[in-house]
Amino acid sequence: MMIFDVLTLFPGIFVSPLQESILGRAAKQQLLQVRLHNLRDWAEGKHQTTDDTPYGGGDGMVMKPEPIARAIADLKTRTPRAKVLLMTPQGAPFSHQAACELAAEEGLIFLCGRYEGFDERVRQTLVDAEYSIGDFVLTGGELPALVMIDAIARFIPGVLGCSDSAEADSFSDGLLEYPQYTRPAVFNGMAVPEVLLSGDHGRIARWRREQQLLRTWRRRPDLLKRAELSDEDIRILEQLQRTDSESGE
Ligand code: 4GY
């Protein structure tokens, strides 16, 4: 079973997102365990202080290194090989690929920051990897940790039904998903594409691949450079670029 340890000043943030739906079921089935820890439990003094003013002056507070060092040392007595992860806009872009790799670890420790961030020596000596979930600034590392736990959990065998495995989903080949439809066949005057009602599985598969390529080219051309493309895919893309104007994407 995969162990996720979370070090945070606000463990309450995690409770309901981890209890609901797929993650909640995975925890019940003992496919994963998320252990929430209040960093304040490792702080000292009457006020159990976890932050202090920055050396050199400036706004806000910085998280002190000692409570974090004690907390990580304690957690590692139980999961010695666990990797310590820190969520910050300065980290490496978190991705499908990173989620897949992290799912192979025995344990992960998510160190969630608040205020203006961490004493630099925390990063240097206690953290194995830093990740960013996007180019924006949040008020703490808790929501990024939840995002990462969710994305990583999808790669743990048994968490998703066998009908939709994480390896089979479209990001695995680096392309965006094709459009999906369900009943009714006509909604507000908009009909489902005829090919999807045809019952011709070969034609449907070719249409879906074409839609994936079209969408990715239109919306995220940066992804195409790294996507796994067959000769047929490249032929389809060249065709699309010649007939660009027609589609409603
Ligand atoms: N974006 N991706 C992000 C963030 C804010 C540490 C307190 C992000 O991952 N984390 O915005 N984190 C945290 C950073 C100090 C605020």
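The values are calculated or read from the model by the stated rules, or taken from the named source; none is laboratory data. Not measured: the values here are computed from a predicted model. Positions of Cβ are generated from backbone atoms using ideal geometry, with glycine treated the same way; all protein chains shown enter the neighbour counts. With ligands, DNA and RNA removed, areas are computed over all heavy atoms of the protein, side chains included. Shrake-Rupley method; radii C 1.70, N 1.55, O 1.52, S 1.80 Å.
Scanning the stretch 166-185 for residues that are open to solvent by 40 Å² or more (accessible area, probe 1.4 Å), at pLDDT below 95, in a loop (DSSP other than H, G, I, E, B) and over 16 Å from Ala205 (Cβ atoms) turns up just one, Glu167. Within the option set Glu142, Glu194, being buried (at least 19 other Cβ atoms within 10 Å of the Cβ) and at pLDDT 95 or above holds for one residue only, Glu142.
When you check Asp51 against the structure, is it over 26 Å from the mean Cα position of the chain (by Cα), open to solvent by less than 40 Å² (accessible area, probe 1.4 Å) and within 12 Å of the ligand (Cβ to nearest atom), yes or no? Walk me through it before giving the result.
Numbers: over 26 Å from the mean Cα position of the chain (by Cα): yes; open to solvent by less than 40 Å² (accessible area, probe 1.4 Å): yes; within 12 Å of the ligand (Cβ to nearest atom): yes.
So Asp51 passes the test.
Every listed requirement among (1) of a type in the set (D, E, K, R); (2) within 16 Å of the ligand (Cβ to nearest atom); (3) touching a Lys or Arg at 6+ places or on another chain (Cβ under 9 Å) is met by Glu105 save one, (2). Only one entry in Phe118, Phe94, Phe110 is near the ligand (Cβ under 9 Å from one of its atoms), under 16 Å from the mean Cα position of the chain (by Cα) and either modelled with pLDDT under 95 or among the aromatic types (Phe, Trp, Tyr) (or both), namely Phe94.
So, in the stretch 79-91, of the ones that are part of a strand (DSSP E or B) and open to solvent by less than 50 Å² (accessible area, probe 1.4 Å), which residue ends up farthest from the ligand (Cβ to nearest atom)?
Narrowing the stretch 79-91 to residues part of a strand (DSSP E or B): 83-91.
Narrowing further to those that are open to solvent by less than 50 Å² (accessible area, probe 1.4 Å): 84-88, 91.
Numbers: Val84: 14, Leu85: 10, Leu86: 8, Met87: 4, Thr88: 5, Gly91: 6 Å.
So the residue we want is Val84.
Scanning the stretch 1-55 for residues that are basic (Lys, Arg), assigned to a helix (DSSP H, G or I) and within 23 Å of Glu66 (Cα to Cα) turns up just one, Arg40.
Cβ separations smaller than 7 Å between residues 6+ apart or across chains give the following pairs from the stretch 95-124 residues that are under 23 Å from Asp74 (Cα atoms) and of a type in the set (Asp, Glu) to residues that are within 12 Å of the ligand (Cβ to nearest atom) and assigned to a strand (DSSP E or B): Asp119/Val62; Asp119/Met63.
With the requirement that a residue be farther than 15 Å from Glu177 by Cα and either touching a Leu at 6+ places or on another chain (Cβ under 7 Å) or not in a helix (DSSP H, G or I) (or both), what does the stretch 187-214 give you? Reasoning before the result, please.
Taking the stretch 187-214 as the starting set, the residues that turn out to be farther than 15 Å from Glu177 by Cα are 187-203.
Within the stretch 187-214, Phe187, Asn188, Gly189, Met190, Ala191, Val192, Pro193, Ser198, Gly199, Asp200 qualify.
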